[in-house]
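I have placed the structure first, in the form of structure tokens, so that the comments after it can refer back to it.
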Amino acid sequence: MSLDVPLRITSEVRSRAATVTVCGEIDLENVADLRSTLDELVAATDGDIVIDLSEVSYLDSTGLHELLSVRSNAAGLDRRLIVQRPSPAVCRLFELCDVNELFTVSADGDGPITSHPATDAESRPGVDS
């Protein structure tokens with residue numbers, strides 16, 4: 001259930017990598033804002049894209065679809081979308097939709113990667129990326 005927490009997106013580019021911090025709710029009403037920011041960063045950088053989802057209070061299927069789309073686009077460029085510190089709401093949706101293995105997840109900004117995505121050849125049927 002959504003509580004209408006406004007979406008705030010900030011981004012920072014360092015050398016080759018970019019970090020996006022998202023706070024609030026990601027849903028049908030505002031997913032275009034997230035898409036625009038992520039598309040700009042993929043085009044403007046040539047390294048990995050780190051998306052901090054620690055302050056996301058709600059993520060719906062359109063937001064998940066956007067994350068999967070950016071992940072796929074980045075992989076096509078031999079880059080990664082790294083999900084950093086996913087909130088409980090994000091973790092729950094990843095679990096419900098059985099997409100945990102598709103994302104590279106970092107517990108913190110400096111720590112090791114805790115989960116590695118499957119390659120496109122290993123992706124499970126029925127999961128669009």
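General observations
- Backbone HN-Hα couplings from phi across region 79-85 [Karplus 6.51/-1.76/1.60, Hz, Gly and Pro as x]: 10, 10, 9, 9, 8, 9, 6
- DSSP-assigned coil residues among trypsin sites (Lys or Arg not before Pro) in region 1-55, each with at most 14 further Cβ atoms within 10 Å: Arg16
- Fully extending the segment from Asn30 to Ala89, taken as 0.36 nm per residue of separation minus the present Cα-Cα distance, adds 19.5 nm.
- Arranged from fewest to most other beta-carbon atoms within 10 Å of their beta carbon, Ile49, Ile26, Ile9 become Ile9, Ile49, Ile26.
- The order of Asp78, Asp33, going from fewest to most other C-beta atoms within 10 Å of their C-beta, is Asp78, Asp33.
- Segment Ala75-Arg14, length gained on full extension (0.36 nm per residue, minus Cα span): 20.0 nm
- For Val56, nonlocal amide neighbours, meaning residues 5 or more places apart or on other chains whose placed amide H falls under 5 Å from its own, are Gly24, Ser87.
Bear in mind these aren't lab numbers, they're just calculated from the coordinates by the rules spelled out. For clarity, every value in this text was computed on a predicted model and none was experimentally measured. Ideal geometry is used to build each Cβ from the backbone, glycine not excepted, and the neighbour counts take in all protein chains shown.
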